[in-house]
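The values are calculated or read from the model by the stated rules, or taken from the named source; none is laboratory data. Please read these numbers as outputs of a predicted model, since none were measured by experiment. Here the Cβ is made from the backbone with ideal geometry for all residues, glycine too, and neighbour counts use every protein chain on show.
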Amino acid sequence: MNMRRIAAGVAFAVLTVGCGEQSPSTTVKASPSNKVEASPVGNAADLLFSCGSGHTFTAALFDGPSNAETLNGVVGDVFRKFLATPPPDYGFPAQGWYLAGADASSATFVARDAGGQELLTIGLANHAVGWEVDNYGACGARVVLNGLGNADWALDQTAPPPLATDSHFVALVREVECASGQSSATRIVPPAIWYEPDRILVMFSVRPPPGQLQTCQGNPSSRVVVILDEPIGDRQLLDAGRYPPGDPTKPLP
């Protein structure tokens, strides 16, 4: 796939959204150092994703035919036995499963849900009694970041929708990890952006809040104006911090 990473600086302005108040606008110019911090790889295809535990995988895992249903050995046997009578509430497909990774102690399987918009996962562990299913459910795959926290983003519905001729858009960015309800406006890292023929992938991340113990009562969003190097054209804007890439026209959860 023809893809390239942004080569010039990214400018963005951050305004905190919360309690009906906004902070003064501040513009930040990305430098080479924080562009490296924002993205651990040069190509979006090399981003590693995780379901929160278990083995990591890249988007290339799903390029070929599914491989889990014919997996040899005890791991494949335990997986197929579980899939033959799966829990009824998760809608596990009978086909289309991929082995994300396996070692002597665990194995991770992933598959797209019926709508193709989310991932499901089944995890196996090698316990004292042998291999058995250890966890299963929705995957919620997010990019693996080194020393940074994940952040979701969506288009700000109160701003005019971006046009094909626009080279900017307004996003609402929300920290994923627990942060004691603190705003992440001053901790948002300049986004990593990849331009492709049919889509523009944008990935936000945040620096962790100070302190080791954080409570989880929900995080406020920050309003971010992102300046692109190119007009959007007929390409789709997508959140590259999730897999499958998130649709930013949908409100943040």
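Scanning region 43-65 for residues that are surrounded by fewer than 17 Cβ atoms within 10 Å (Cβ to Cβ) and not in a loop (DSSP other than H, G, I, E, B) yields Ala45, Asp46, Ala60. Within region 161-187, the set of residues being at pLDDT 90 or above, of a type in the set (A, V, I, L, M) and closer than 16 Å to Arg142 by Cβ comprises Val173, Val176. For residues that are of a type in the set (A, V, I, L, M) and assigned to a strand (DSSP E or B), scanning just region 123-155, find the one that is nearest to Ile188 (Cα to Cα). Among those that are of a type in the set (A, V, I, L, M) and assigned to a strand (DSSP E or B), it is Ala151. Does Ala114 qualify as being more than 25 Å from Asn150 (Cα to Cα) and aliphatic (A, V, I, L, M)? So Ala114 fits the description; yes. Scanning region 87-116 for residues that are under 13 Å from Tyr136 (Cα atoms) and aliphatic (A, V, I, L, M) returns Ala107, Val110, Ala111.
Within region 208-227, restricting attention to residues that are of a type in the set (A, V, I, L, M, F, W, C) and in a loop (DSSP other than H, G, I, E, B), the residue that is nearest to Tyr243 (Cα to Cα) is Cys216. Number of residues in region 229-243 that are touching an Asp or Glu at 6+ places or on another chain (Cβ under 8 Å) and either buried (at least 17 other Cβ atoms within 10 Å of the Cβ) or not in a loop (DSSP other than H, G, I, E, B) (or both): the value is 6.
Ser53 meets the conditions (1) closer than 18 Å to Gly101 by Cβ; (2) more than 23 Å from the chain's Cα centre (by Cα); (3) among the polar types (S, T, N, Q) in every case but one. The failed one is (2). Among the candidates Ser183, Ser205, the residue that is outside any loop (DSSP other than H, G, I, E, B), among the polar types (S, T, N, Q) and out of contact with any Asp or Glu (no Cβ under 7 Å at 6 or more places or on another chain) is uniquely Ser205. Applying the condition of being of a type in the set (D, E, K, R) and assigned to a loop (DSSP other than H, G, I, E, B) to region 95-119 and asking which residue is surrounded by the most Cβ atoms within 10 Å (Cβ to Cβ) yields Asp113. There is no residue in region 68-87 that is within 28 Å of Glu177 (Cα to Cα) and not in a loop (DSSP other than H, G, I, E, B).
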